[in-house]
Amino acid sequence: MLLIPCPWCGPREDDEFTFGGEADIPRPADPAALTDEQWADYLFMRDNRRGHHREQWYHTAGCRRWFIVERDTVTNEILGASTYGDSQ
Amino acid sequence: MSSPTPRRSPFGAIESAQPPPHEGQLFERPFLTHVNLRLDSADSEALAAIQQMLGVQLPLTPNTTAASQGLLAIWLGPDEWLLLAAQDYSEALASDLQAALTGHVASIVDISSGQTVIRLSGPSALDVLARGCALDLHPSVFPPGACAQTMLARAQTLLIAVDLTPTFDIIVRRSFAPYVAAWLKDSARQFGLHFPTTATPGTTLA
Ligand SMILES: [Zn+2]
């Protein structure tokens with residue numbers, strides 16, 4: 001079990017959350033200008049990093065907000081959590 | 001003209017045949033007013049208008065509530081609250097909120113029919129809840145006035161600490177209410193509390 005620190009509600013068990021994949025992937029400003037390959041790259045391609053990973057989580061059973069967790073994908077150690085506002 | 005259909009609470013008859021009150025109580029608080037309110041917590045004018053109207057400031061600290069006469073404002077998120085008030089107050093509350101928030105971006109939704117409140121009280125209330133809830137609800141960390149949206153026996157719930165008996169209000173969707181009530185009764189049995197096992201969902205109260 002992971003103990004995930006929701007920036008609002010505090011630490012909660014991972015049952016309460018939904019995983020949202022890698023963070024920091026901005027939506028292209030003008031999707032229509034992209035090639036199919038570029039659009040597919042935005043939609044589907046992820047780094048699958050080993051080690052330090054910034055990822056999105058949604059607090060489904062709690063405050064129902066998205067936020068960012070930093071986690072070591074090898075040890076599952078949680079290194080921190082932030083809101084989108086914090087990281088801008 | 002036909003008479004209006006009587007209202008049905010999710011599990012009305014659970015009040016009957018309770019154990020002695022000092023040992024424990026489990027009952028529904030049916031038909032309360034539940035209004036979901038969303039607004040930008042950076043909109044200080046809107047917050048001030050709400051405070052003037054409700055007589056209490058919306059809680060901005062996560063997992064807390066704020067009470068005024070007959071109304072409890074419950075933190076649900078950084079821009080979301082549940083207002084819990086007496087029966088049959090939702091239309092008046094919603095229209096007062098709408099008037100107070102004219103010109104502001106806000107959402108006011110009457111969800112009174114969608115959820116209900118189960119009250120669990122007694123010396124073993126913490127143990128009864130602990131069998132299905134991962135949160136530490138001891139008053140030292142979850143004092144009266146604290147709230148938490150979490151899972152209870154795998155059902156989404158909003159828990160509110162009411163007093164040091166301890167007493168908890170457990171807010172659940174109405175379709176989950178009979179299940180959560182049955183689970184609570186089952187959990188309570190382990191601690192010698194025999195709440196009636198024949199709650200009849202749908203009993204007419206009004
Ligand atoms: Zn949360």
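The values are calculated or read from the model by the stated rules, or taken from the named source; none is laboratory data. Since the model is a prediction, treat every value here as computed from it, not as a measurement. When we count neighbours, we look across all protein chains shown, and the Cβ atoms used for this are built from the backbone with ideal geometry, even at glycine. These accessible areas exclude ligands, DNA and RNA; they are computed on the full protein's heavy atoms, side chains included. Shrake-Rupley method; radii C 1.70, N 1.55, O 1.52, S 1.80 Å.
Worth a mention:
- Scanning segment A:59-68 turns up at least one residue that is away from every other protein chain (no Cβ under 14 Å) and on the phi < 0 side of the Ramachandran plot.
- Note on segment B:20-46: residues that are within 23 Å of A:H59 (Cβ to Cβ) and without any contact (Cβ under 8 Å) to a residue 24 or more places away in the chain total 1.
- When segment A:1-46 is limited to residues that are of a type in the set (F, W, Y) and within 12 Å of the ligand (Cβ to nearest atom), the one that is least open to solvent (accessible area, probe 1.4 Å) turns out to be A:F17.
- Test result for B:D96, outside any helix (DSSP H, G or I), touching a residue at least 12 places away in the same chain (Cβ under 8 Å) and open to solvent by 40 Å² or more (accessible area, probe 1.4 Å): no
- Residue within segment A:60-67 that is away from the ligand (no atom under 16 Å from the Cβ) and open to solvent by 90 Å² or more (accessible area, probe 1.4 Å) present: no
- For segment B:50-84, filtering for residues that are in a helix (DSSP H, G or I) and either open to solvent by less than 20 Å² (accessible area, probe 1.4 Å) or within 19 Å of B:L158 (Cα to Cα) (or both) leaves 2.
- Residues in segment B:30-82 that are within 14 Å of another protein chain (Cβ to nearest Cβ), over 16 Å from B:A148 (Cβ atoms) and among the acidic types (D, E): B:D40, B:D79.
- One residue from B:D136, B:D88, B:D127 being touching a strand residue (DSSP E or B) at 6+ places or on another chain (Cβ under 8 Å), open to solvent by 10 Å² or more (accessible area, probe 1.4 Å) and acidic (D, E): B:D88
- Qualifying residue in segment B:147-159 (condition: open to solvent by 20 Å² or more (accessible area, probe 1.4 Å), outside any strand (DSSP E or B) and touching a Leu at 6+ places or on another chain (Cβ under 9 Å)): no
- Look at (1) more than 14 Å from chain A (Cβ to nearest Cβ); (2) more than 21 Å from B:P20 (Cα to Cα); (3) open to solvent by 60 Å² or more (accessible area, probe 1.4 Å); (4) of a type outside the set (D, E, K, R) and you find that B:Q115 fails only one, number (3).
- Residues in segment B:131-169 that are among the small types (G, A, S) and within 14 Å of chain A (Cβ to nearest Cβ): B:G132, B:A134, B:A146, B:A148, B:A153, B:A155.
- Cβ pairs under 8 Å, 6+ apart, first in segment B:59-72 and without any contact (Cβ under 8 Å) to a residue 24 or more places away in the chain, second within 16 Å of the ligand (Cβ to nearest atom) and open to solvent by 40 Å² or more (accessible area, probe 1.4 Å): B:L60/B:S41; B:P62/A:W8
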